[in-house]
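The values are calculated or read from the model by the stated rules, or taken from the named source; none is laboratory data. Here the structure is a predicted model, which is why all the values come from computation and not from measurement. Backbone-built Cβ (ideal geometry, glycine too); neighbour counts: all protein chains shown. Please note that ligands, DNA and RNA were not included when accessible areas were found on the heavy atoms of the full protein model with its side chains. Shrake-Rupley method; radii C 1.70, N 1.55, O 1.52, S 1.80 Å.
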Amino acid sequence: MSTAVTTTDAAGAGAGRPSPVRRLMSAGTPGRLAIGVAGLVVLFSVVRVVSGQNALTSSSVMTAALLLSTPLLLAALGGLFSERAGVVNIGLEGMMILGTWGAGYAGYQWGWAAAIAGGLLMGALGGLLHAVATVTFGVDHTISGVAINILAAGVVRFLSESLYTGRSDGAGITQSPSLSSKPPSFSLPVLSSGPDLLGDLEAEHWFLVSDVAGILRGLTSDVGVLTVVAVLLVPAVYLLLWRTAFGLRLRSCGENPAAADSLGVPVYRIKYIAVVISGALAGLGGVVLVFVANIYREGQTNGRGYIGLAALIFGNWRPGGLTGGAFLFGFADGLQLRSRSAVVALLLIVALILAVVAVFQFPRRRWVQGSLAVFFAVLALVGYLTIDELPTGIVSFTPHLVTLLVLSLASQRLRPPKADGLVYRRGEH
């Protein structure tokens, strides 16, 4: 009997060995993420060949997407700290505004490194104000955040009028002087600069190979110092919040602060720390905008704090998910800046993705979801076949439209921290 069992097990081990794809999927989130990214690259390559829109995977679009997603990523990471500690931070926009002004003021006097310090400090002050209002005085989190957004716009105008009026170096009540030095940028030698092997492959426009080369070249060419910092912060924040005692205490404050308090966790102090870090990271996102323009200008954030908050929600309050949300918006923004006609090709991509969604929904007997996916897939396909170029107003609104679309699709699986937005008072339940 033991021989038979051994033989059967051996045969099963050989014949029933899982495929490489199944083994990769069984690895958990990293495996699914790798398959998802590979699938998207193949999809974009197919659509590029069919539509002839080489901008879809060009290095210039990818460089712009990476740059435009950096401030959103930093704002979203800031929101992650605050909301994981149980404090809703609608004030990310105002903290970014404070960060842009602090970067402009310090940068024109002492250079790019001082601009980073100025943006961090001003953003942290905005976070501190939010913490005082919500944690100490129990103000409704949304009201406090909206008030900070309004207050920040007024504060930077007052500071500009006080410090820049009457200057002869180009400064005024709506902008600062130019930065006295520019921040460094980095490129991969040989592959993305010098011989530029990736650029040569991209120029061939081969299926998949040129697409991968264009994407890699765009992500490794002329990368700013704060972009490098933002990318490194993603795994660092994950390790801090999910692999350290401090992170466990912070997340417990957002899930059940009363239970955390009963176990000796200093809930108020941790909430303060989290919200101040949140403001500092949002301010650092404002510094990126100043580095791009080499100057502070009023209205520079243009609602990016709200988009960062949307990326946080889309990412289900996790570092990896919010990174994908930030890059999605950055890609849509970069594409509409580089090529208006290439934006139409996004309709074909949407049609194909919705068709795949329908294929997965119908076997599970989710008839409504599947039917809606088919309806919108057909609508997107008709739009792709009949529209040559979108009007300028719609093209410029594409990033916001993409954000609304993905938020609506992701709304069914969202799970915010249980005590997020609740006012906590020791001894009350």
With only helices counted (DSSP H, runs n ≥ 4, each -39500 (n - 2.57)), the per-residue ellipticity at 222 nm for the chain, to the nearest 500, works out to -24000 deg cm²/dmol
The rounded separation in angstrom of the Cα centers of the stretch 143-171 and the stretch 250-305 is 21
For residue 139, the residues 5 or more places away or on another chain with a placed amide H closer than 5 Å to its own amide H are 134
The stretch 251-302 accessible area per residue, 1.4 Å probe, protein heavy atoms, integer Å², reads 36
Any DSSP H helix in the chain with Cα axial reach of 27 Å or more and mean Kyte-Doolittle score of at least 0.0? Listed by number, the hits are 29-51, 59-84, 112-131, 141-164, 267-293, 319-338, 340-361, 367-386, 392-410
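Sort 158-164, 288-294 by the packing proxy (mean of other Cβ within 10 Å over each peptide's residues), most packed first.
288-294, 158-164
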Under 5 Å from the placed amide H of residue 224, counting only residues 5+ away or on other chains, we find 186
Checking rank on 340-349, 359-368, 54-63, 243-252, with mean other Cβ inside 10 Å and highest first, the result is 54-63, 340-349, 243-252, 359-368
Computed ³J(HN,Hα) along the stretch 168-177: with the Karplus parameters 6.51/-1.76/1.60, θ = phi - 60°, integer Hz and x for glycine or proline, the list is 10, 9, x, 7, x, 6, 10, 7, 9, x
The percentage of the accessible area of the stretch 28-107 (probe 1.4 Å, all protein chains present) made up of carbon and sulfur atoms, to the nearest whole number, is 75
